[in-house]
Amino acid sequence: MATVSVNSELVIFGTGAMFESCLHQILLVFGRLPVYVIDNDETKWGKHFLGIECRSPEFITTMKNPSVVIMVKRYSHIVEQLLHLGIKPQSIYTLFFDRAYDVISQIKSVDVSFSENVVYEKSVSTNRLKGKYALITGASRGIGFTIAKTLAFYGVNIIAIARAKQHCEKLIEVCSSYPVDIQPYGVDLMDIQALKVFLEEEVADAEIDILVNSAGIAPKGLSNIWNQQEADYLSAYQVNTIAPILLSSHIIPNMMKRGFGRVINISSNIRHRAAEMAYACSKAALDKYVFDMAHELQNSGVLMSCFDPGWVRTDMGGEAAPNGLDSIMPGALMPLLLDDYVQGQWFSAEDYVGMTLDDACNYAFKRCRKAGRA
């Protein structure tokens, strides 16, 4: 955890849904409450949150020695705002979450290196993706659709899986101007036998370079976890856990024979939320599979990872979600473009929001290098 000077005036930036639970954790870390909270919403200025007065961001400039802890997950634009106000980088702190929106794992001084004009040792080009084949489940909408159309833009041929073949018509239309092959298939992942037939008859010998397990379902969250039904667990595990495992078990051996492959499993930081028990358990089980596969994939040329897109406005995420689909880029492409990272590594979209693809890859490589991973 970061240490803040005892002589500084502690300020919290953000009064959103995480404020109360995070504030209690910050109190445990620093042993004191902030003197003010700051928010960009001027309707909150002058109001009190848990007894602490909210002021405008400009108010920070009147303080003698402020230390600012940002209580917002997507913090890059706030960092830029604070730097513009003259706050020193070493006085700005960001929260890192333990795969949940309200469980703080670390508080660190902000890293602004990605916005500096730094030349890194590795460059990244999407040309390496051109001509490869990617099998993407849930490709007809939401996160899977966004990843599929983005990869097609970069010249990747797409094997698109949806519950019904006709659901892929929008993807085919969007990608019609790209010189790629789009192969749509209707496979209901709730039907394990149908999935097995697809694997054995349609893609038995296909040279698939990229597998994106994006399809997922989320049974309705319940305030009383004891009311979660057996059917909710069965459906969640079947689509979110068993189907990705079957796809991986069928496709990865062929990747290993060719010495190259990338497997991305869409996971979620909601896995710690009891109210979403069936969904959370299925994602935790998928993570367990990915992590335990690490030993089997060492030195194979195949890299498998988990990707957390965040809470995104999709049919599953709902209209209340704070982030649009554009927020998953460029983070969703990171596991495909990096040549070296820890097997089973967790990638989070929020770490790369607002960066260009090349800057994001360079930044990720730098972080891996600091950790001894590249």
FRET efficiency, Leu28 to Asp326 (Cβ-Cβ, R0 41 Å, nearest 0.05): 0.70
Amide H within-cut-off set for Phe307, under 5 Å, with H built and near neighbours excluded: Asn265, Ile266, Ser267, Phe347
Solvent-accessible area, 1.4 Å probe, carbon plus sulfur percent, for the chain: 50 percent
Centroid-to-centroid separation of the range 36-55 and the range 192-225 [C-alpha atoms, Å]: 46 Å
Global geometry of the range 151-206, whether rounded, prolate or oblate, following the gyration tensor of its Cα atoms and the 1.5 cut on a/c: oblate
Relative contact order of the chain, defined on C-alpha pairs under 8 angstrom at six or more residues apart (%): 12 percent
Computed [θ] at 222 nm, helices only, for the chain once each DSSP H run of length n ≥ 4 contributes -39500 (n - 2.57): -8500 deg cm²/dmol
Nearest 10 degrees, 0 to 90: helix 357-370 Cα axis against the chain principal axis: 70 degrees
Note, ³J(HN,Hα) from phi for the range 161-170, Karplus 6.51, -1.76, 1.60, rounded to Hz, x at Gly and Pro: 10, 9, 5, 9, 4, 5, 5, 8, 4, 5
16 Å cut-off, amide nitrogen to a point 7 angstrom out along Glu173 Cα→Cβ, residues in the range 124-161: 140-142, 145-146, 149
Cα-based equivalent ellipsoid, the chain: semi-axes from gyration tensor eigenvalues, Å: 39, 24, 18
Cut-off under 5 Å, modelled amide H: who pairs with Glu53 long-range: Val37
Check: the chain dipole with +1 on Lys, Arg Cβ and -1 on Asp, Glu Cβ, in debye: 640 debye
Folded to 0 to 90 degrees: helix 19-30 orientation relative to the chain principal axis, Cα: 70 degrees
Length gained when the stretch Thr62-His77 is fully extended (0.36 nm per residue, less Cα-Cα span): 3.3 nm
Fluctuation leader among Val68, Val29, Val263 - the chain, Gaussian network, Cα springs under 10 angstrom: Val29
Theoretical FRET efficiency, 1/(1+(r/R0)^6), r = Cβ-Cβ of Ala206 and Gln229, R0 45 Å, to 0.05: 0.75
Note, ³J(HN,Hα) from phi for the range 177-187, Karplus 6.51, -1.76, 1.60, rounded to Hz, x at Gly and Pro: 8, 8, x, 10, 9, 10, 10, x, 9, x, 9
The range 118-236, relative contact order [Cα under 8 Å, separation at least 6], %: 27 percent
Degrees separating the helix 192-201 axis from the principal Cα axis of the chain, which is the longest one: 60 degrees
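The values are calculated or read from the model by the stated rules, or taken from the named source; none is laboratory data. This one's a predicted model, so the numbers in the text were calculated from it and none came from an experiment. Ideal geometry is used to build each Cβ from the backbone, glycine not excepted, and the neighbour counts take in all protein chains shown. Calculation scope for accessible area: heavy atoms of the full protein, side chains included, ligands and nucleic acids excluded. Shrake-Rupley method; radii C 1.70, N 1.55, O 1.52, S 1.80 Å.
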